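To keep things clear, I will list the structure first and then write my remarks on it.
The values are calculated or read from the model by the stated rules, or taken from the named source; none is laboratory data. Keep in mind the model is a prediction, meaning the values are calculated, not measured. Because the Cβ atoms are built from the backbone with ideal geometry, glycine has one as well, and the counts that use them run over all protein chains shown.
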Amino acid sequence: MRKNFYLIIVLFSLASCYTYQVKKQVETTTDNKQESKRGSAPANIPSGTTASPQNMNAQQAPIPVNIQEKLAAGKNVKIDVDGRSYKIIVDKWERDSLVAHPVHNPKKILKFHKNQINSERIAEKRFSQPIADIITVTAYAGIAAAIWFLVR
């Protein structure tokens, strides 16, 4: 029983509430999509003109993201380069090349050209509230169980 309890304590001490999450782009055309599903013309198109499917698709196209803005100096990110994943801290940009170092190895320098980086899979390290809530509830349950075993 004690071995299992100690194992649980060690596992919780190793758990992290920070995860790498891909930042979702804010869609400005959600209103247009909802209105087009209803069959009416979008609000930004005059009522005298008809909207062709090509015009609607052009409005709904994803906005290109500038990789240099996403990967600003000092950010802790996970990037996908040529099918391989790297957890890095961004140091700087030199023209079209990203200069960074691995999270746990600041002496090693990595350089990537911006065309090598998959911009759709750039994940920033962020605090995860659901994981924190799970850890908190489990810790409270463990404390309650320990008190119950001591009182019993």
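Before moving on, here are some points about what is shown:
- Per-region count, region 79-118, residues among the charged types (D, E, K, R), under 19 Å from K23 (Cβ atoms) and at pLDDT 90 or above: 2
- Residue list for region 119-152, restricted to those being under 22 Å from Y18 (Cβ atoms), surrounded by 11 or more Cβ atoms within 10 Å (Cβ to Cβ) and free of Cβ contacts under 8 Å to residues at least 40 places away in the same chain: D133, I134, T136
- Pair list, Cβ < 9 Å and 6+ apart or interchain, from region 72-89 residues that are without any contact (Cβ under 8 Å) to a residue 12 or more places away in the chain to residues that are assigned to a loop (DSSP other than H, G, I, E, B): G83/N118
- Entry remark, region 102-114: residues being in a strand (DSSP E or B), over 19 Å from the mean Cα position of the chain (by Cα) and free of Cβ contacts under 8 Å to residues at least 24 places away in the same chain number 2 in total.
- Of the residues making up region 88-123, those that are over 16 Å from I67 (Cα atoms) and of a type in the set (K, R) are K107, K108.
- Residue in region 29-44 that is loosely packed, with under 11 Cβ neighbours inside 10 Å, modelled with pLDDT of 70 or more and not in a helix (DSSP H, G or I) present: no
- Restricting attention to region 67-101, the residues that are of a type outside the set (D, E), over 18 Å from the mean Cα position of the chain (by Cα) and part of a strand (DSSP E or B) add up to 7.
- Scan of region 91-115 for residues that are loosely packed, with under 14 Cβ neighbours inside 10 Å and in contact with a Leu (Cβ under 9 Å, 6 or more places away or on another chain), ordered by number: K92, K111, H113
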